[in-house]
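Novice: The structure under discussion is supplied below as structure tokens; questions concerning it will follow.
The values are calculated or read from the model by the stated rules, or taken from the named source; none is laboratory data. Just so it is clear, the model here is predicted, and its values are computed rather than measured. So basically every Cβ, Gly included, is an ideal-geometry build from the backbone, and we count neighbours across all protein chains shown. Please note that ligands, DNA and RNA were not included when accessible areas were found on the heavy atoms of the full protein model with its side chains. Shrake-Rupley method; radii C 1.70, N 1.55, O 1.52, S 1.80 Å.
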Amino acid sequence: AVRIQGVSVNRITPSFIQDDTTTLAPKAALQYASWNFPRNGVVIPIQSLPLNESEKGKLGMYLAVCGRGRGAGENFALYREFDADNFILEGVIDAPAIAGLCAGTLATHTPTTSEDTTNTLDIWFFDNIQLESVLQADIDRYPTINLLRIGDEWIQFRTATAQTLEQYSPYRSKWRVSNLWRGRFGTESEVGTHASNEYAVLYSSAVKFYELNADDIGQDIVFKAVTAGQAEENAFTTTVTAAQISAWS
């Protein structure tokens, strides 16, 4: 229990105050404490076939920018390094991507023409999010519905089940996905065993298409996501080697 003591500020009838209360639940306590410091941002690059018509014929990659861990700030300034330690502002991300880490392994499945009804995957999400289960008809009609990027593989799930978040967890929600369609959007060769702590990104409008120049192909590109209240030099960097994706050219 926590005892709170003080004196009222009423100058006419000041009075002594004492109250006993219990501590917040562990996750809630961490949640409140988190707002005293800036939140770390992360840039997750995704090199993929085009996911919609407007991106066909373009050269680029997808970027999922989001906060990682607890802390203040949901908006992120996206920077790219053009010379050594010379980071140029590329834009502001005002809607963070829905992303997290795999809380366990995901076994392989073959063939990709059949639904994986055996394996499930738990994901710790960096934000408190809601997932929805869908019907097979929805999967057939909407190619990007419930589409997850796990490592280098695109996976679609039909079923999402909320899980209990572990005590003192640095994450904000946990979900289990099942009834999976594997190797979507040309990633059949990437179907395999995925390790725990791999990034998991849910495709949405918050996943941005980042256009590249022909000179960028084969080059290392360095990004930073800087949140409010954070010094640019303290932000994490992400390096990705830009690849040529045939369907973009």
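Novice: Find all pairs meeting these conditions: Cβ atoms under 8 angstrom apart; at least six residues apart or on different chains; first residue within region 69-85 and among the polar types (S, T, N, Q); second residue at pLDDT below 90.
Specialist: Matching pairs, first to second residue: 75/94; 75/227; 75/228.
Novice: State the number of residues belonging to region 36-55 that are hydroxyl-bearing (Ser, Thr, Tyr) and surrounded by 20 or more Cβ atoms within 10 Å (Cβ to Cβ).
Specialist: Within region 36-55, residues that are hydroxyl-bearing (Ser, Thr, Tyr) and surrounded by 20 or more Cβ atoms within 10 Å (Cβ to Cβ) number 1.
Novice: For residue 236, which of the numbered conditions (1) more than 15 Å from residue 62 (Cα to Cα); (2) in contact (Cβ under 8 Å) with a residue 12 or more places away in the chain; (3) open to solvent by less than 50 Å² (accessible area, probe 1.4 Å) fails to hold?
Specialist: It fails just one condition, (3).
Novice: Could you check residue 74 against (1) assigned to a strand (DSSP E or B); (2) out of contact with any helix residue (DSSP H, G or I) (no Cβ under 8 Å at 6 or more places or on another chain) and say which number it fails?
Specialist: (1)
Novice: Looking at region 62-92, which of the residues that are in contact with a Leu (Cβ under 7 Å, 6 or more places away or on another chain) and within 16 Å of residue 237 (Cβ to Cβ) is surrounded by the most Cβ atoms within 10 Å (Cβ to Cβ)?
Specialist: 65
Novice: If residue 58 satisfies every condition in (1) charged (D, E, K, R); (2) open to solvent by less than 40 Å² (accessible area, probe 1.4 Å); (3) closer than 30 Å to residue 214 by Cα; (4) assigned to a loop (DSSP other than H, G, I, E, B) but one, which is the exception?
Specialist: Single failed check for residue 58: (2).
Novice: Oh, and also: In region 207-249, which residues are touching a Gly at 6+ places or on another chain (Cβ under 9 Å) and of a type in the set (Val, Ile, Thr)?
Specialist: 226, 227, 241, 245
Novice: Being more than 30 Å from residue 218 (Cβ to Cβ), part of a loop (DSSP other than H, G, I, E, B), modelled with pLDDT of 90 or more and open to solvent by less than 70 Å² (accessible area, probe 1.4 Å) is the requirement here; does residue 129 meet it?
Specialist: yes
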